[in-house]
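The values are calculated or read from the model by the stated rules, or taken from the named source; none is laboratory data. Since the structure is predicted, the reported quantities are computational estimates derived from the model, not experimental observations. Neighbour counts run over all protein chains shown; Cβ positions are idealised from the backbone, glycine included. Calculation scope for accessible area: heavy atoms of the full protein, side chains included, ligands and nucleic acids excluded. Shrake-Rupley method; radii C 1.70, N 1.55, O 1.52, S 1.80 Å.
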Amino acid sequence: MPLSFSTAFSATSLILHLLTHCVSSLDNGLANTPPMGWLAWERFRCNTDCVNDPHNCISERLFKQMADLVVSDGYQDVGYTYVNVDDCWLAHERDAYGRLQPDYERFPSGMKALGDYIHSLGLKFGIYEDYGNFTCAGYPGILGHLETDADTFASWDVDYVKLDGCYSLPTEMDKGYPEFGYHLNKTGRPMIYACSWPVYQTYSGMTPNYTSIINSCNLWRNFDDIQDSWQSIASVIDYYGDNQDTIIANAGPGHWNDPDMLIIGNFGLSYEQSKTHMAMWAIFAAPLLMSVDLRTLKPDYKAILQNRKIIAVNQDQLGIQGRRIYKQKGIEIWARPIMPVFKGKYSYGIVFLNRRTDGTPSEVSVTLKELGLDHIEGYHIQDLYDDYDYGIVTPDRRFKVDVNPSGSVVMIRCNLYKGKPINNFIEATRDAQPRKDESGYVVDHGNIGYIPNADGAHPLGGRFPSRPVEPQSRSHGYLQHHQLQYSPSTTPTSVAAPAIGAYEQADHGFSFQQLGAHSTVPPYYHG
Ligand code: GAL
């Protein structure tokens, strides 16, 4: 049973349980690909001071301006559709009939009119509430008013409801979130249902029941609120990698993991890190909800948000979330199976991510076969940021990418090639010779070092013979660290850290997520 109840439940709760269990199952036909749009929270927060800051306060003016720009600046053309209100739109009191109402000082035309305006532009209208006594910012929550509030949203022609979980009991959520979903369904108006159910449960020590969550919600937050920093993005990336075996299987058309909104174009990320944010959210099959001031967004960042090739990976019809397949010494490789599919094999979006901080690009040298891509006719490889086409590359051909440091990526798309065999045409600069010692993906050019899997197995899970650990010594000062990392008798903390970047110092004990140790290799890496 997906719902957990205490043993002593009343007849009423049994009926409610049966009711919600039987009819709450989400069948709204929405979010077959991850939703795309604009969301106020991360950039504009709970600024309600329209007297002193009319330009930036949470008001109908702000949402109308953003909706206008979504259309006029071309975001709608590439798929951004929803304009979503977050917290702090509400009045502190319900109206005389117990219905939610906006703060009319800031939303003088009311929410129905705001929705109408957004719809008149061909966009969709999202709103925020909370399964609790209050929203996180202290406005009225829905507890005690579930049916009324669902009806109110439907009467305003809302298309998307984000239901937060402050001021409520995580133990109640297994009942409460499906119950509100039931009321949303009952209105007859299809509304995307975005939940915060698992994140509150996880933080209270519970194990979320994803079977039930998938059946009730179109998307769900499972980790921290995003903040305006690389540290925040990096922590999300780590969470999605470290927990991939639990969360990936839950994603699919109509139901998505939500790593939170996009902060591209704000203050905290470098240009390269912004590209990484977009690329990783495509790998994650994540909703793309821009939280940025579209009035002042610089062209470089707009181009990242409007990168059609990366959006196409994000919106891939198969809806399979990608996973981390390699993590070692600050280099990560992520792969997402995408269309086209042929004879049981997938195409892939691949991200090479460099989190090292030693200031120079790292060369990553791979064959597609090493990444698990073994379609014999090969793959058509395109770079998704640089306008570069690698042509058709067969699985054994070694090629290289140079990945900038400090949270930068190279992202490629590998489309299965179905034609008759042809020669590879990789330019000399992208070509890599097989290494005599066959020592792995990441080539030492003085900044990486020889990087075997920490446990001696291949990162894809024992499909290749393990290799002996033979550190190279090209980089001055690096060998010491390297030995320190792999010598079983060395206790890292007892040795002075070598003079290298902070990231490397922190990575004692890196492993490949024990991919090799898992009994099940992800299905799409079987040959
Ligand atoms: C948080 C939520 C944020 C934002 C905020 C509003 O709990 O995760 O995305 O909605 O509440 O108060």
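A few points about this structure:
- Within the set Ser212, Ser232, the sole residue that is in contact (Cβ under 8 Å) with a residue 12 or more places away in the chain and under 15 Å from the mean Cα position of the chain (by Cα) turns out to be Ser232.
- Flag if Cys88 is hydrophobic (A, V, I, L, M, F, W, C), closer than 29 Å to Pro198 by Cβ and assigned to a loop (DSSP other than H, G, I, E, B): yes
- Candidates are the residues of the range 137-158 that are within 16 Å of the ligand (Cβ to nearest atom) and small (Gly, Ala, Ser); the one that is least open to solvent (accessible area, probe 1.4 Å) is Gly141.
- Single residue of the range 240-271 satisfying the filter (hydroxyl-bearing (Ser, Thr, Tyr) and farther than 19 Å from Tyr385 by Cβ) that is surrounded by the most Cβ atoms within 10 Å (Cβ to Cβ): Tyr240
- Per the conditions (1) among the β-branched types (Val, Ile, Thr); (2) away from the ligand (no atom under 16 Å from the Cβ); (3) touching a strand residue (DSSP E or B) at 6+ places or on another chain (Cβ under 6 Å); (4) open to solvent by less than 30 Å² (accessible area, probe 1.4 Å), the sole criterion not satisfied by Thr81 is (4).
- Subset of the range 159-171 that is within 16 Å of the ligand (Cβ to nearest atom) and part of a loop (DSSP other than H, G, I, E, B) - its residue that is most open to solvent (accessible area, probe 1.4 Å): Tyr167
- Within the range 114-136, being more than 16 Å from the ligand (Cβ to nearest atom) and open to solvent by less than 10 Å² (accessible area, probe 1.4 Å) holds for Leu114, Gly115, Ile118, Leu123, Phe125.
- Set side by side, the residues Val51, Val71, Val83, Val23 differ, and just one is touching a helix residue (DSSP H, G or I) at 6+ places or on another chain (Cβ under 7 Å), aliphatic (A, V, I, L, M) and modelled with pLDDT of 95 or more, which is Val83.
- In the range 390-411, the residues that are assigned by the TED database to the domain that holds Trp334 and in a loop (DSSP other than H, G, I, E, B) reach residues that are acidic (Asp, Glu) and open to solvent by 40 Å² or more (accessible area, probe 1.4 Å) with C-beta atoms within less than 7 angstrom, at least six apart or across chains, in these pairs: Asn404/Glu272; Pro405/Asp358; Ser406/Glu272; Gly407/Glu272.
- Residues that are β-branched (Val, Ile, Thr), within 16 Å of the ligand (Cβ to nearest atom) and either farther than 25 Å from Val313 by Cβ or assigned to a loop (DSSP other than H, G, I, E, B) (or both) within the range 202-234 comprise Thr202, Ile226, listed in sequence order.
- Entry remark, the range 314-330: residues being surrounded by fewer than 21 Cβ atoms within 10 Å (Cβ to Cβ) and in contact with a Leu (Cβ under 9 Å, 6 or more places away or on another chain) number 1 in total.
- Evaluation of Ile237 against the conditions (1) in a helix (DSSP H, G or I); (2) more than 14 Å from the chain's Cα centre (by Cα); (3) buried (at least 20 other Cβ atoms within 10 Å of the Cβ) shows that the sole unmet condition is (2).
- Conditions (1) part of a helix (DSSP H, G or I); (2) touching a helix residue (DSSP H, G or I) at 6+ places or on another chain (Cβ under 9 Å): number failed by Val199: (2)
- Filter pass, Gly344 being more than 16 Å from Phe284 (Cα to Cα), in the same structural domain as Val410 (by the TED database) and without any contact (Cβ under 8 Å) to a residue 60 or more places away in the chain: yes
- Residues that are among the acidic types (Asp, Glu) and in contact (Cβ under 8 Å) with a residue 40 or more places away in the chain were ranked within the range 25-63; the one that is nearest to Tyr104 (Cα to Cα) is Glu60.
- Close contacts from the range 360-371, counting a first residue that is closer than 14 Å to Ile412 by Cα and free of Cβ contacts under 8 Å to residues at least 60 places away in the same chain and a second that is of a type in the set (Val, Ile, Thr) and outside any helix (DSSP H, G or I), with Cβ to Cβ under 8 Å and a gap of 6+ residues or different chains, come to Leu368/Val393; Leu368/Thr394.
- Ser347 vs. criteria under 19 Å from Lys309 (Cβ atoms), of a type in the set (S, T, N, Q) and buried (at least 22 other Cβ atoms within 10 Å of the Cβ): yes
- Spans of strands (runs of 3 or more DSSP E) in the range 307-379 with at least 1 residues within 23 Å of the chain's Cα centre (by Cα): 323-328, 331-342, 345-354
- Here Ser274 does not qualify as in a helix (DSSP H, G or I), under 30 Å from Leu384 (Cα atoms), assigned by the TED database to the domain that holds Tyr128 and within 14 Å of the ligand (Cβ to nearest atom).
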